[in-house]
Each structure stands twice: as structure tokens, then as C-alpha cells.
Amino acid sequence: MDPFDPQFRHHLTHLTRRTFLGQSARGIGGIALGALLAQDRVSAAAASTRAPGMAALPHFAPKAKRVLCLFQSGGLSHVDLFDDKPMLHRHAGLEIPASIKGNQRLTGMTSNQSAYPVVPPLRPGKRCGAHGTWISDLLPNLQTIADDICLVKSLHTEAINHDPAITYLNTGNQLPGYASMGAWASYGLGSENQNLPAFIAMVSQGTGKNPGQPIFSRLWGSGFLPASHQGVGLRPGANPVLYLNNPPGVDRAQRRAMLDDLAALNHARAAELGDPETVARIDAYEMAFRMQTSVPELTDIRGESAETLEAYGPEVHKPGTYAANCLLARRLLERNVRFVQLFHRGWDQHIAIARQLPNQCRDIDQPTAALIKDLKQRGLLADTLVLFATEFGRTVFSQGKLGDPGMGRDHHGRAFTVWLAGGGIRGGMEYGATDDFCYNITENPVHLRDLHATVLHCLGIDHARFTHKFRGLNVRLTGVEEAHVVKAILA
């Protein structure tokens, strides 16, 4: 092309270095754009029932079609809730043996303590289900679903502080900027519901530590993946999704006409620069248009039976509570939303654990058990993978003076407990074990990478082959180090 041609010069003025490097192979983008342009703009909103993912996925027949992650933010105490040992009671109040504590890195909140006395679980518990899984009496409703869940008691992480630990579990990396689990699922498998996003997140504040650890929207972000795969935050109140409603004086027909004109401009811009984010913007506008009708229907729970509402507990009627979000999660899953994630803050019991922990357990006990039973009764649990997770556990020794009302427990990433249920998982079992002080792993360690690999496996994805090119690397949710599917817990 003539370098003095005005059209060529105009093109160069709009061609940034990032665009040039990122779009050097524009042929594929042109094919994708042509496919988009071939669709009728008006009928595109409802013509398809599925937004496709990657053509090669799933790699094999999945056991789970969708995922529900119940993330307990702040560091749930495995010692108090799931991992009681006789030695804790015999050694109560005595210094934790040096052979057990070793040279583990501690946070600044306990590293200068003069003593590290052992504190047994705050409440007794009982052996539950056919397997005899120990669950604290602080969770009486969870005790009733012991046969449906698999406790992994040997999870471990290198992260010692909240933000890197929360980021690690949710994105596979301690550094911000990486794609979240839900974004990976959306990117790989697409959506089975054209009227709702493939990935939806909700946040609630517990009655334990208040305020709890901050939850940033990047935890459900798409990172380096296309922006259309980022999670959508669902908020309580009259506007569950910000900026979704039409402004005063604009009706639905006018909105449709405006979006058609805007789409034409964005298509022209995409054809000029080949920027995939422009195409993602078109998709976002179209999804928002469809959500104007689907979201109000989703959040209207008046059609739920009195028995169902009672099962989730009294707070189910308070928008934004964990109980209300659990009910919405079930409604999203039955509408085939690919990945639903609930973040519940308040588990960071550094102080006053004797008061804070029971409160926090009351928040989640009844709604969580009701959700599992509800999914099972509706036939959804069989192909829904449920992950009840936290960023790390708590120390078996006290933070602060033993017996003081302000006593708590510090962070502990060397060994902690999560549980899974549903699609692809064997219920009524435990996997992994800790020592007599719930401090070190003695059997079947499971790293966060292994947990991520197992979640993907249940969705029919081989984590080693599921990659995205970023900064010259084939990036995976499971990172660059070795990861293993935990096959022993698979059904």
C-alpha cells in the first residue's frame, strides 16, 4: 500500500503497538468477526441457547456441568470444625511441641509470642454419617449431610496472608491479574443459558469478624482472558446488577434501537483495529439487554414454597445475606449458569474466637445444608460440583493469652480442610490426614493446584491441556508446577 495514501496514514494513527503485537495474526479474528456479522443483530439475543466455549472442550465426558463455590473468606478454623484429635485435649494449655511446630513461618501477629499453648476445639462434635466423619456441634445442620460430602483434610498453601492466599485459591496465582476459576470455566465451556452470564458472584458479610477481609472484584475477573468471561457481581436490593435498568424516558424498544446502532459502530471499529475487546463490548451490551428481563425473574423468590424458604432459615428473606445468596445460587444453577460463587466474609478470628466463631457458623450452617439438600432433591447435585473452601486454616495454638476473652487463632496454611460434594465426587468420605496436633500433613497432601486440577477434571477438562497464551507462556489455572487430579475422591 502507498505509504502516502490518506487511508493508510489514518490506519497507522490508530494502530497502537499493543494492537500490532496482539493482532498480528488477524485472519482468525476476521473469521470470528465475520461469524458475528453474519448473525442478525436483533435475533442474536434469543436465537441461540448456548454460548459455545472452546471447540476442543470438554476433553472427555464430564461428571459436572456446573460449579458452585462457597468461599468462606478469612480462614476457617479446621481445628474447631472438622479436625478434632484426642491429643489436643490431653495437651490443652501446654506448649505445642517444638518437633511439631518446627520452623514454620508465622505472621507478625504471633511470631513474637513468648508461648504457644495448644487450644482444643471450642465445642464438642460427633461422628456423622456412615463413615463417622467428625463435625463440630457448631455445625449441627452440616452434620446431617455428612454422607453427601467429601472432606479433604490435607490441603496446603504457601500463602500466609489473606490477599495472596485468597487470590491464590481463586485464580491459581498469588499475584493479581490472573483469570479466576469461573472465568476459566466460562472460557473453556461457554454457557448453557443465553440470558444470564456464565459466571456470577455474590458477597455477604458474616456476624463473626465484622468487617471481614475485603473482597475485590478481581477475584471473579477474567485477567488475561477475554473480558466477556469475567464474573458478574449480583448485589442485593432493587438493582442487583448496576446500570442494568433503562434511564427514565427510555423504553425497551428505544434501548434495542440504540444498541443496534451502537453495535454497528463497534463492528466497524473492530473491523478497523481488530481489537477483541471491542467484540467483547458488543457481547456485554447484548447480555445486559437480555438480563433486563432475566435478572428480575431470577431474584423474585415469591414462587418458592414456604417449606423451601423455611429450610434456608429466617435470613433467606433478607437480601444480601448468606442464606438469601444460597437460595439465589440454587436458582442460578437450575438455570444452568456455569459457575456460581458465594463469598462470605468474617472467618478471620484472630481475637474473640469464642464469640465470633459460633456467630459465623450460625450464618452458614443451616443455609449450606439446605442448599445441598435442595440441589439433591431437585436432581441437580448429581451434575453440580460444590466446593466449600477457604484460603487457609487456623493455628492449633492460641493467639494472645490462653483463656483471655480476646484470645484467637492465627493463620495456618500448612494444613487445612475444605469439602466437596456433587458432580464427580464420592460423598461420605475423608481424604488426607494431619498429625495429632492438626498441624502437619501426614497422609495424602493436596496442594491448591491439585484442587484446581480436580475441579477442572470434574468438568471434563484436562488441566495440562487447558491453556491460554499470555506473555509468551501457555498459562494454566494450575500454574507451571506439577499438579495432580485427586483421583481417590472421584466417584
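We did not get these values from a lab; they are worked out from the coordinates using the rules stated. In this text, all values refer to a predicted model and were calculated from it rather than measured experimentally. Counting neighbours? That spans all protein chains shown, and the Cβs are built from the backbone with ideal geometry, glycine included.
What ranking do 186-198, 82-94 get when scored by the average of other Cβ atoms within 10 Å per residue, highest first? Provide the component values of the computation, followed by the final result.
Values: 186-198: 22.2, 82-94: 16.5.
The packing order, highest mean first, is 186-198, 82-94.
Exposure proxy check: His131, His267 ranked by fewest other beta carbons within 10 Å? Walk me through the numbers on the way to the answer.
Values: His131 14, His267 17.
So the ranking, lowest neighbour count to highest, is His131, His267.
Any idea which of His317, Ser222, Gln292 is furthest toward the positive side of the dipole for the range 215-317, if Lys and Arg beta-carbons carry +1 and Asp and Glu beta-carbons -1?
Ser222
For a label point 7 Å from the Cα of Glu334 along Cα→C-beta, name the residues of the range 368-399 whose backbone N is under 20 Å from it.
Backbone N within reach: 368-387.
Specify the inter-centroid distance of the range 243-269 and the range 355-427, based on alpha-carbon positions, in whole Å.
Cα centres, the range 243-269 to the range 355-427: 44 Å.
Once the Cα atoms of helix 252-273 and of the chain are each reduced to a long axis, what angle between those two axes, in degrees from 0 to 90 to the nearest 10, is obtained?
Between helix and principal axis, roughly 80 degrees.
How large are Rg and Dmax for the chain when only the alpha carbon atoms are used, in Å?
24.4, 87
For the chain, what does -39500 (n - 2.57) per DSSP helix run (n ≥ 4), summed and divided by total residues, give at 222 nm, in deg cm²/dmol to the nearest 500?
So the helix-based figure for the chain works out to -10500 deg cm²/dmol.
Helix 322-334 sits at what angle to the longest principal axis of the chain, using alpha carbons and giving 0 to 90 degrees rounded to 10?
Once rounded, the angle reads 50 degrees.
In whole Å, what are the Cα extents of the range 345-419 along the three principal axes, biggest one first?
So the three principal-axis extents are 49, 25, 16 Å.
How big is the Rg/Rh ratio for the range 90-178, C-alpha atoms only, Rh by Kirkwood, two decimals?
On the way: Rg = 17.3 Å, Rh = 16.5 Å.
Rounded to two decimals, Rg/Rh equals 1.05.
If a/c stays under 1.5 just call it rounded; otherwise compare a/b with b/c (prolate if a/b is bigger, oblate if not). Do that for the range 321-465, with a ≥ b ≥ c from the square roots of the Cα gyration tensor eigenvalues. Show your work: numbers first, answer last.
Values: a/c = 2.43, a/b = 1.39, b/c = 1.75.
Taking the square roots of the gyration eigenvalues as a ≥ b ≥ c, the range 321-465 is oblate.
For the range 282-350, what class follows from the C-alpha gyration tensor (a ≥ b ≥ c being the square roots of its eigenvalues): rounded when a/c is under 1.5, otherwise prolate if a/b is larger than b/c, else oblate?
On the way: a/c = 2.42, a/b = 1.34, b/c = 1.80.
Oblate is the answer for the range 282-350, as a/c is 1.5 or above yet b/c matches or exceeds a/b.
Treating only the Cα positions of the range 56-110 as identical point scatterers, give the base-10 log of I(q)/I(0) from the Debye formula at each q in 0.17, 0.27, 0.29 Å⁻¹.
One equal scatterer on each Cα of the range 56-110 leads to -0.83, -1.27, -1.25.
Rounded to the nearest 0.05, what FRET efficiency is calculated for Ala55 and Glu310 with R0 set to 41 Å and r the Cβ-Cβ distance?
Values: r = 46 Å, r/R0 = 1.11.
Efficiency, from the Cβ-Cβ distance: 0.35.
Taking only C-alpha pairs under 8 Å that are 6+ residues apart, what is the relative contact order of the chain in percent?
Numbers: 1003 pairs, mean separation 138.3, N = 491.
Computed over the chain, the figure is 28 percent.
Would you mind computing, in nm to one decimal, how far apart the modelled labels at Ala488 and Thr144 are, each placed 7 Å from Cα along Cα→Cβ?
3.1 nm
Using alpha carbons only, how many degrees (0 to 90, rounded to 10) separate the axis of helix 353-377 from the longest principal axis of the chain?
The angle comes out at about 60 degrees.
Would you mind checking the range 437-477 for residues with the amide N under 17 Å from a putative spin-label position 7 Å along Cα→C-beta of Leu94?
Only 437-439 pass the distance filter.
Using only Cα atoms, what is the ratio of the radius of gyration of the range 190-299 to 2.2 N^0.38 Å?
Numbers: Rg = 16.3 Å, N = 110, 2.2 N^0.38 = 13.1 Å.
Taking N as the residue count of the range 190-299, the ratio is 1.24.
Please report, to one decimal in angstroms, the Kirkwood hydrodynamic radius of the range 130-237 built from all distinct Cα-Cα pairs.
Working: mean 1/r = 0.0608 Å⁻¹.
Value: 16.4 Å, from the Cα pair sum.
If R0 is 35 Å, what FRET efficiency do you get for Arg302 and Met258 from their C-beta distance, rounded to 0.05?
Details: r = 32 Å, r/R0 = 0.91.
The calculated FRET efficiency here is 0.65.
Kindly identify the range 416-481 as rounded, prolate or oblate by the Cα gyration tensor criterion: order the square roots of the eigenvalues as a ≥ b ≥ c, call it rounded if a/c is under 1.5, otherwise compare a/b with b/c, prolate if a/b is larger, else oblate. Write out the running numbers ahead of the final one.
Details: a/c = 3.90, a/b = 1.64, b/c = 2.38.
Note, shape of the range 416-481 comes out oblate.
Counting DSSP beta bridges in the chain, what percent are antiparallel, to the nearest 5?
Working: 26 of 53 bridges.
Within the chain, antiparallel bridges account for around 50 percent of the total.
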